[in-house]
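Single-structure report; data block below.
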Amino acid sequence: TPNSWESRADNSSLYGFTDLPSVHERGAVVLTHGEGPYVIDVHGRRYLDANSGLWNMVAGFDHPGLTAAAKAQYDRFPGYHAFFGRMSDQTVMLSEKLVEVSPFEKGRVFYTNSGSEANDTMVKMLWFLAGAEGKPQRRKIITRVNSYHGVTAVSASMTGKPYNSVFGLPLPGFIHVGCPHYWRFGRDGETEEQFTARMAAELEARIIMEGPDTIAGFFAEPVMGAGGVIPPSKGYFQAVQAVLKRYGIPLISDEVITGFGRTGNTWGCETYDFMPDAIISSKNITAGFFPMGAVILGPDLADRMQAAAEAIEEFPHGFTASGHPVGCAIALKAIDVVMNEGLAENVRALTPKFEAGMAYLAENPNIGEWRGKGLMGALEAVKDKATKTPFDGSLSVSERIANTCTDHGLICRPLGQAIVLCPPFIMTEPQMDEMFDKLGAALKKVFAEVA
Ligand code: PLP
């Protein structure tokens, strides 16, 4: 209950490693192994990892079924590619499974080693289609400010973060439209519905300005992850998709974080009730036990890619480890574990408690809002709640909070001025209490220091 969080949060040393130096003094936390949702460092200290590694270790760090699936496949057939019409049986089985669990009636799958490469691959598919369909000018890619799509030259260009300017990115032709964060970007007196309508109108104006036949695709995370866990404003995807449909622009759902259960449904697009033209998957697809990404094309793009590839002989793209048999065997097991062994159900069961804990912590006068969906959430630190004024940028309060948490055996992530929580799907109620106790204590300590 919230009361237990409050009473325990009062004693910040309760769980603390007070005998050890701070994170800054001791440098990196070097880990040796994991147990369930905990990771253990070289000094034997245990940390509850409230970020599931990097959003991906949803089944925890020692799931016996996943390591057994990996071992069995290493023994049977430890590596192969997916070129020239040859591939492992696991690769075929996973493709069938992915289409089966996707929202699509039929589809096609392309494998990569990461989410960045999956976004890159999707962009190359759209460019390939543009050429094959006699519209070579159709090359521009639209994403949103604050979005995160990866680190390769293309996926970093898609990413709507200013830090990529150090690389001279984005590349030409990558366009960033407004971020649908109503709390931060809604204007005075503007309702959430009006805000959504404005986002859609601004998108349409930009498409017209650029020339609709120069746009190859629109990519969006159902809930922005690395942008600071930002769920869309009410009706956002319906409004945006109506615009995209008017101009025949595909909507690609980047489900690298939201895929396989994070928001309470298998896909984020189900949670927000829209049908994308393709899905980008990675991270949870193997529960983090193998590096893998996948592009899952819906029926229209699948048919068009098939026709284009046949006309041009092939789609000349692929990675040595695309469709790696061990990765595919692990993914098959991970999907089974999440969907059939109670993990997805646990996300849904724990969500009310997660929301209650976030709402409780958001009562803190220095938390401007809490936001999230399913088991992903963020608390936005502010200097002034009424005016939503952020803390001075030179003093990263969120980083201090996260470091204080680390000192007390909890790993959570600072993103901008927000503290992000993205617990593994195996989390129990007592572990969730521990998470909120420790974070509550850290908030009190740091806000008292910086106020
Ligand atoms: N897309 C989204 C939504 C992500 O959150 C990430 C990584 O966090 C990526 C793409 C990139 O994936 P990767 O780090 O595997 O390249």
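Report, by residue number, each residue of segment 233-254 that is touching a Gly at 6+ places or on another chain (Cβ under 9 Å) and within 16 Å of the ligand (Cβ to nearest atom).
Passing the criteria: Leu251, Ile252, Ser253, Asp254.
For segment 147-173: of the residues being hydrophobic (A, V, I, L, M, F, W, C) and either more than 15 Å from the ligand (Cβ to nearest atom) or surrounded by fewer than 22 Cβ atoms within 10 Å (Cβ to Cβ) (or both), which is nearest to the chain's Cα centre (by Cα)?
That would be Val151.
Quickly run through segment 130-146 and pick out the residues that are within 18 Å of Glu255 (Cα to Cα) and away from the ligand (no atom under 12 Å from the Cβ).
Ile141, Ile142, Val145 - these are the residues of segment 130-146 that are within 18 Å of Glu255 (Cα to Cα) and away from the ligand (no atom under 12 Å from the Cβ).
Go through (1) surrounded by 15 or more Cβ atoms within 10 Å (Cβ to Cβ); (2) farther than 20 Å from Phe315 by Cα; (3) touching a helix residue (DSSP H, G or I) at 6+ places or on another chain (Cβ under 7 Å) for Ser88 and report which single condition fails.
Going through the list (1) surrounded by 15 or more Cβ atoms within 10 Å (Cβ to Cβ); (2) farther than 20 Å from Phe315 by Cα; (3) touching a helix residue (DSSP H, G or I) at 6+ places or on another chain (Cβ under 7 Å), Ser88 breaks only (2).
Could you list all residues from segment 192-227 that are within 16 Å of the ligand (Cβ to nearest atom) and not aliphatic (A, V, I, L, M)?
Gly217, Phe218, Phe219, Glu221, Pro222, Gly225, Gly227
Residue by residue through segment 99-130, note down the ones that are surrounded by fewer than 20 Cβ atoms within 10 Å (Cβ to Cβ) and among the hydroxyl-bearing types (Ser, Thr, Tyr).
Ser114
Please count how many residues of segment 336-378 are touching a Ser or Thr at 6+ places or on another chain (Cβ under 7 Å) and not hydrophobic (A, V, I, L, M, F, W, C).
Here the count works out to 2.
Looking only at segment 223-255, count every residue that is outside any helix (DSSP H, G or I) and either more than 25 Å from the chain's Cα centre (by Cα) or within 20 Å of Asp300 (Cβ to Cβ) (or both) and tell me the total.
Qualifying residue count, segment 223-255: 9.
Scan segment 204-222 for residues that are in a loop (DSSP other than H, G, I, E, B) and more than 17 Å from the chain's Cα centre (by Cα) and report the count.
Result for segment 204-222: 1.
Hey, can you tell me all the residues within segment 351-386 that are aliphatic (A, V, I, L, M) and under 22 Å from Gly225 (Cβ atoms)?
Scanning segment 351-386 gives Met358, Ala359, Leu361, Ala362, Ile367, Leu375, Met376, Ala378, Leu379, Ala381, Val382.
Suppose the filter is within 30 Å of Glu35 (Cβ to Cβ) and buried (at least 22 other Cβ atoms within 10 Å of the Cβ); does Met358 pass it?
Taking the combined requirement at face value, the residue does not satisfy it.
Among the residues of segment 267-314, which ones are among the β-branched types (Val, Ile, Thr) and away from the ligand (no atom under 16 Å from the Cβ)?
If the condition is that a residue be among the β-branched types (Val, Ile, Thr) and away from the ligand (no atom under 16 Å from the Cβ), then Ile312 is the only one that fits.
Listed residues Ile230, Ile257; which is hydrophobic (A, V, I, L, M, F, W, C), within 9 Å of the ligand (Cβ to nearest atom) and at pLDDT 95 or above?
Sole residue among the options that is hydrophobic (A, V, I, L, M, F, W, C), within 9 Å of the ligand (Cβ to nearest atom) and at pLDDT 95 or above: Ile257.
The values are calculated or read from the model by the stated rules, or taken from the named source; none is laboratory data. Since this is a predicted model, take the numbers as computed values, not measurements. Don't worry about glycine lacking a Cβ; one is built from the backbone with ideal geometry, like all the others, and counts go over all protein chains shown.
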